[in-house]
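A.B. asks: First the structure, then my questions, so here it is.
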Amino acid sequence: MAPATPLDRLLLVATSVADDVGYVALSDLSQAVGSEPPGNYCVIGGHMVTALVARWQLGSDLYRETGDTDVGVPPVVVQKADLIQRLTDLGYTRQAGNRFARTMRDVPVRLEGRQVPREAVIDILVPAFTSRARRNRRFGDHLVTTEVPGLATALTRPLVKMSLELQRLKGEVLDIELVFPDEVSALVLKSLATAVRSKSHGYRRHLALPRSGVCGRQNAR
């Protein structure tokens with residue numbers, strides 16, 4: 001049974017390369033959006049599921065590694081290239097329309113005795129305001145992105161701010177704060193995402209919970 005009081009501070013421990021680079025991307029995102037006012041972004045996708053499951057201590061029976069970080073923002077935030085410029089200042093380069101990555105050389109995993117560069121990845125997404133979500137929403141020359149059903153509602157509902165301690169494979173701890181959709185919005189987002197993928201590709205995608213080590217920190221009193 002979930003605890004009566006949700007946690008607002010979590011410790012997540014990486015157990016894979018995907019976890020490791022995902023935590024770095026979350027930390028970088030916290031810097032890039034640090035100046036944004038409430039309601040101007042939220043973390044969605046696999047990291048959203050990880051955080052909310054850990055928040056309620058629901059366990060980790062289901063699992064899908066999440067190496068990339070998905071951030072949802074209202075269109076006004078990306079009308080100008082300020083957010084993209086902040087990612088560029090952190091070392092990110094644009095790989096695709098809405099995908100930004102930076103090379104990591106301190107992941108402690110070797111292939112045939114040599115260090116293999118890995119990438120921290122951040123995808124920028126915007127809300128769908130109609131029933132027909134677009135895959136190629138253009139914002140000037142700096143971003144071509146995908147619209148996400150349910151994200152508009154998530155950004156207008158009360159968001160959940162959480163403090164995260166992210167322990168990397170090499171032992172470094174990243175102490176950050178990020179904003180996530182609330183539990184109702186998360187269920188809507190994942191349900192709509194599953195419906196879209198099932199319709200387009202003929203398969204169902206299960207909700208994935210983290211295999212990474214997860215420990216709840218009690219709320220500060």
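A.B. asks: Among the residues of the range 36-45, which ones are out of contact with any helix residue (DSSP H, G or I) (no Cβ under 8 Å at 6 or more places or on another chain) and either part of a helix (DSSP H, G or I) or hydroxyl-bearing (Ser, Thr, Tyr) (or both)?
C.D. replies: If the condition is that a residue be out of contact with any helix residue (DSSP H, G or I) (no Cβ under 8 Å at 6 or more places or on another chain) and either part of a helix (DSSP H, G or I) or hydroxyl-bearing (Ser, Thr, Tyr) (or both), then no residue fits.
A.B. asks: OK, next. Looking only at the range 4-18, how many residues end up being farther than 20 Å from LEU125 by Cβ, open to solvent by 10 Å² or more (accessible area, probe 1.4 Å) and not in a loop (DSSP other than H, G, I, E, B)?
C.D. replies: The number of residues fulfilling the criteria is 4.
A.B. asks: Here are some residues: THR153, THR130. Which one is among the polar types (S, T, N, Q) and in contact with a Ser or Thr (Cβ under 8 Å, 6 or more places away or on another chain)?
C.D. replies: Just a single option satisfies the conditions, and that option is THR153.
A.B. asks: Quickly run through the range 115-136 and pick out the residues that are surrounded by 11 or more Cβ atoms within 10 Å (Cβ to Cβ) and without any contact (Cβ under 8 Å) to a residue 12 or more places away in the chain.
C.D. replies: Passing the criteria: GLN115, VAL116.
A.B. asks: Sort through ALA32, ALA81 and tell me the only one that's small (Gly, Ala, Ser), over 9 Å from the mean Cα position of the chain (by Cα) and open to solvent by less than 20 Å² (accessible area, probe 1.4 Å).
C.D. replies: Checking each option against the conditions leaves just ALA32.
Residue by residue, here is whether (1) aliphatic (A, V, I, L, M); (2) part of a strand (DSSP E or B) holds:
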position: ILE124; (1), (2): yes, yes
position: THR130; (1), (2): no, no
position: ARG135; (1), (2): no, no
position: ALA152; (1), (2): yes, no
position: LEU155; (1), (2): yes, no
position: PRO158; (1), (2): no, no
position: GLU165; (1), (2): no, yes
position: LEU169; (1), (2): yes, no
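The values are calculated or read from the model by the stated rules, or taken from the named source; none is laboratory data. Quick caveat: nothing in here was measured; it's all calculated off a predicted structure. Note: ideal-geometry Cβ built from the backbone for every residue, glycine included; neighbour counts use all protein chains shown. SASA here: full protein model, heavy atoms, side chains in, ligands and nucleic acids out. Shrake-Rupley method; radii C 1.70, N 1.55, O 1.52, S 1.80 Å.
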